[in-house]
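The values are calculated or read from the model by the stated rules, or taken from the named source; none is laboratory data. Just so it is clear, the structure is predicted and the values come from calculations on it, not from any experiment. Cβ placement follows ideal geometry from the backbone for every residue including glycine, while neighbour counts extend to all protein chains displayed. The area values use the complete protein model at the heavy-atom level, side chains included, leaving out ligands, DNA and RNA. Shrake-Rupley method; radii C 1.70, N 1.55, O 1.52, S 1.80 Å.
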Amino acid sequence: MSAVRRALAWAALLALLGACTSVPTTPDLQPNSAGDRPDTLAETHVKLGVGYLQQGQRDLALSRLQRALELDPNLPSAHNAIAILYEQLGETERAAQHYQRAVQLGPQDSSAHNNYGAFLCKRNELDKAEEQFLLALKNPLYATPELAYENAGLCALRKPDAAKAETYFRSALQLNPKLPASLYQMALLHFERGDHLPARGYLQRYTEVAKHNAQSLWLGIRIERALGDKNAVASYALLLRSNFPDSEEAKLLQESEGAAQSKPAPTKHDKSS
């Protein structure tokens, strides 16, 4: 794999890991085992902060989450939420501190373990990241274990450990067959080892749940070239040129077509004697 393609692959993995970070939803923030305990004031501030975070109002989210921690410095949900916010703001050391506090104070908080794992993976602390994903999966009440499996797979690709990644992606898809990132990565893994028909199948499943991007179209082109379907290649190529003309994948398409045209035509040998 060329340096350019490696850079593209790592950038894509980082983006996918970011997408699989679980911003807490407000119903999950109330650790109400009794079922009827009213929120503390700190928990109310966390809910408000998360709401602002989901709306992209980071300044308001920060003020609410900071207030929550002033009221209750040991509230795991507040540490988890503010860690996500600090990570989005690029304040990685602060994010790390709050992720660590979130998992220390809430060892059963699978969302916090998953988020911390994704954060560690982006910092290339791959073994520590996998440990956090597995801790998230230990909780039988975790509502979205497929996210931890998917993140573990994405992180395994960075080692790289394709076999382990595939195992994690399969587990994710068993729980949720419509995960775009896992479907795309399974298509790519199968293509790279020459299993072109399964690769086509996974990419078709991907297109049923997500819109094509430059990467998926380029993968489609390569799969269909390997399978010899010129019409499918032309269709994918048209979409790539039309929708992503300035992408690196469009440049790779142009280069590959130029290379194919520059190859000398096969010579015919006269076998008659």
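Consider segment 128-149 and keep the residues that are touching a residue at least 40 places away in the same chain (Cβ under 8 Å) and part of a loop (DSSP other than H, G, I, E, B). The one that is least open to solvent (accessible area, probe 1.4 Å) is Thr144. With the requirement that a residue be touching a helix residue (DSSP H, G or I) at 6+ places or on another chain (Cβ under 7 Å), of a type outside the set (Lys, Arg) and open to solvent by 60 Å² or more (accessible area, probe 1.4 Å), what does segment 228-243 give you? Of everything in segment 228-243, just one residue is touching a helix residue (DSSP H, G or I) at 6+ places or on another chain (Cβ under 7 Å), of a type outside the set (Lys, Arg) and open to solvent by 60 Å² or more (accessible area, probe 1.4 Å), namely Leu239.
Evaluating Leu105 against the criteria (1) of a type outside the set (Lys, Arg); (2) within 22 Å of the chain's Cα centre (by Cα); (3) open to solvent by 50 Å² or more (accessible area, probe 1.4 Å) leaves one unmet condition, (2). Looking at segment 62-75, can you tell me whether even one residue there is polar (S, T, N, Q) and modelled with pLDDT under 90? Checking segment 62-75: not a single residue is polar (S, T, N, Q) and modelled with pLDDT under 90.
Of everything in segment 72-84 that's touching an Asp or Glu at 6+ places or on another chain (Cβ under 9 Å) and aliphatic (A, V, I, L, M), which residue is farthest from Leu48 (Cα to Cα)? If we take residues in segment 72-84 being touching an Asp or Glu at 6+ places or on another chain (Cβ under 9 Å) and aliphatic (A, V, I, L, M), then Leu75 is farthest from Leu48 (Cα to Cα). What residue, among those in segment 108-118 that are within 19 Å of the chain's Cα centre (by Cα) and free of Cβ contacts under 8 Å to residues at least 60 places away in the same chain, is surrounded by the fewest Cβ atoms within 10 Å (Cβ to Cβ)? By that ranking, first place goes to Ser110.
Is one or more of the residues making up segment 36-51 at pLDDT 60 or above and of a type in the set (Lys, Arg)? Within segment 36-51 (the criterion being at pLDDT 60 or above and of a type in the set (Lys, Arg)), the answer is yes, since at least one residue qualifies. All of Ser182, Ser171 fail the test of being over 29 Å from Glu93 (Cβ atoms), open to solvent by less than 10 Å² (accessible area, probe 1.4 Å) and not in a loop (DSSP other than H, G, I, E, B), apart from Ser182. The residue of segment 60-96 that is nearest to Thr40 (Cα to Cα), among those that are polar (S, T, N, Q) and assigned to a helix (DSSP H, G or I), is Ser77.
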